[in-house]
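Let me begin by presenting the structure, written as structure tokens, before commenting on it.
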Amino acid sequence: MQSFINEVDFFKGNDPRDLLEQYGSPLYVYNEDIIRGNLRRLEGLITKYPYTTNYSMKANSNLSLLKIALEEGLNCDAMSEGEIRLLQKAGYPNDRIFYVPNNVSEEELSFAVENNIMTSLDSIDQLELYGKINRGGRCAVRLNPGVGAGHHDKVITAGKNTKFAITDDQLDELFLVADKYDLKIAGINQHIGSLFMDPAPFLQAVTNLLEMAKRFDKLDFIDFGGGYGVPYHKVSEDERSFDFDSFEKEFEKLLDKFVSEAGYTPLFKTEPGRYAFCEGGVLLGSVNAVKYNAGRKFAGTDIGMNILARPTLYGSWHDIEVIRDGKVVLDNRENITVTGNICESGDIIANDRELPLIKTGDIVCVLDAGAYGYAMASNYNCRLRPAEVLIESQGNVRVIRRRDTFEDLFRNFEV
Ligand SMILES: Cc1ncc(COP(=O)(O)O)c(C=O)c1O
């Protein structure tokens, strides 16, 4: 693919330069059609059995996007009281929120109990705490199926090297604590990690979790977590999308086996975050300076690591397109390092990357920025977080979060 934004008509006739002039640079831009298409794909993943998709809102917690996920029929999972409150604000009823916290206070767990929100406990200790708060209640537990996967060590959340979940050898203790507080374990869940394109580890984890499920009394639901990958190299390497069709077939075979062996059909769930919004979001920024240091060429943009943390945090790759005079530039390729405006040497979006020749005044468009983009943005270096706009089906542009102001930055100081 030469250009993703051309291929999908990402801006629907809007000139990126006009968008930056109107809403400020940098700017997160979302395309509603792409988002709805991806949400529908997720929602229809398993058709043979009772199934729901819980969107994992940590990936993108914009209120308007949460409302779109609700309209498309998704439920959500939340990691914190703040996320629960935001989902409630977006209109999610409490029975469509699944709370999957780790290491939280009694106060935070009590908030979920008072709101009647199904909660999954991530350790025996937290199960004990939950039992004290809600004796006789219904809850879930997060299990470690022994297999992890993900694009970076930091996002692998199962297997031997992780802080998350309860392992196989702790199940006896888990049952004792549940008995002690008369808790009904209504569901189990797992999340093995974030971003896999090869479904093999996920399917292995499904197999393992379903084996562990047999040790529980009849469960209302089994949740297999998220992690479906997005092709971040779609322009640079023609990387293909995650193959949901063959994945669904393999997945259903495992569910068939469980249903016939266990003799009942629980509600099955998954909880993807990234896949829902990633490709439907791009990040536009301005090239403020071009320079050479020790023979290396740098393009200095206003997309700092505070705006998009993934490249600095994980060394993640995002394809970049260059826009000049309203058109995607495709020729005159050369090696260049694209950086932000933060006072850190690690503030790099693309390191020594072959890209079309970049000039001062160009616009860079960072692809696949809709997940773990704004959600991880900060005010580091006292920089303002950008606005977010949504391009609706007919091409109208709607602001779905305004840009920070300097008043926002100073609001919490006490002197
Ligand atoms: C418990 C849990 N569920 C779901 C997700 C969503 O993962 P992804 O965005 O990779 O689909 C995460 C992300 O880390 C998670 O921690």
(request) Select, from ALA276, ALA309, the only residue that is aliphatic (A, V, I, L, M), over 21 Å from ASP352 (Cβ atoms) and within 16 Å of the ligand (Cβ to nearest atom). (result) ALA276
(message) Which count do you get for residues in segment 25-46 that are assigned to a loop (DSSP other than H, G, I, E, B) and free of Cβ contacts under 8 Å to residues at least 40 places away in the same chain?
(response) 1
(message) I'd like to check something: does segment 221-233 contain any residue that is away from the ligand (no atom under 16 Å from the Cβ) and assigned by TED's automatic domain parsing to the domain that holds CYS139?
(response) yes
(request) Have a look at PHE164, PHE202 and point out the one that is crowded, with 17+ Cβ neighbours inside 10 Å, touching a residue at least 60 places away in the same chain (Cβ under 8 Å) and closer than 23 Å to LYS269 by Cα. (result) PHE164
(message) Cβ-Cβ distance below 8 Å, separation of 6 or more or different chains: which pairs start in segment 6-24 with a residue that is without any contact (Cβ under 8 Å) to a residue 12 or more places away in the chain and end on one that is among the aliphatic types (A, V, I, L, M) and in a loop (DSSP other than H, G, I, E, B)?
(response) GLU7/MET1
(request) Please state which one of LYS249, LYS218 is in the same structural domain as ASP169 (by TED's automatic domain parsing) and free of Cβ contacts under 8 Å to residues at least 24 places away in the same chain. (result) LYS249
(message) Would you confirm, using the coordinates I've provided, whether ASN208 is within 16 Å of the ligand (Cβ to nearest atom), of a type outside the set (A, V, I, L, M), over 21 Å from HIS152 (Cα atoms) and surrounded by 17 or more Cβ atoms within 10 Å (Cβ to Cβ)?
(response) no
(request) Would you mind telling me which numbered condition in (1) among the β-branched types (Val, Ile, Thr); (2) modelled with pLDDT under 95; (3) in contact with a Pro (Cβ under 8 Å, 6 or more places away or on another chain) THR162 fails? (result) (3)
(message) ILE336 - would you say it is touching a strand residue (DSSP E or B) at 6+ places or on another chain (Cβ under 6 Å), β-branched (Val, Ile, Thr) and over 21 Å from PHE11 (Cβ atoms)?
(response) yes
(message) Which condition from (1) touching a Cys at 6+ places or on another chain (Cβ under 6 Å); (2) within 30 Å of ASN189 (Cα to Cα); (3) not charged (D, E, K, R) is the one that TYR314 breaks?
(response) (1)
(request) Sort out for me the helices (runs of 4 or more DSSP H) sitting completely within segment 232-350 that have 1 or more residues that are farther than 27 Å from GLY73 by Cα and modelled with pLDDT under 95. (result) 310-314
(request) Please indicate, with yes or no, whether at least one residue in segment 41-64 is within 21 Å of CYS278 (Cβ to Cβ), small (Gly, Ala, Ser), within 16 Å of the ligand (Cβ to nearest atom) and touching a helix residue (DSSP H, G or I) at 6+ places or on another chain (Cβ under 7 Å). (result) yes
(request) Kindly provide the set of residues from segment 366-397 that are in a strand (DSSP E or B) and either under 16 Å from ASN60 (Cβ atoms) or within 16 Å of the ligand (Cβ to nearest atom) (or both), ordered by number. (result) VAL366, ALA387, GLU388, VAL389, LEU390, ILE391
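The values are calculated or read from the model by the stated rules, or taken from the named source; none is laboratory data. Keep in mind the model is a prediction, meaning the values are calculated, not measured. Cβ atoms come from the backbone with ideal geometry, glycine included; neighbour counts cover every protein chain shown.
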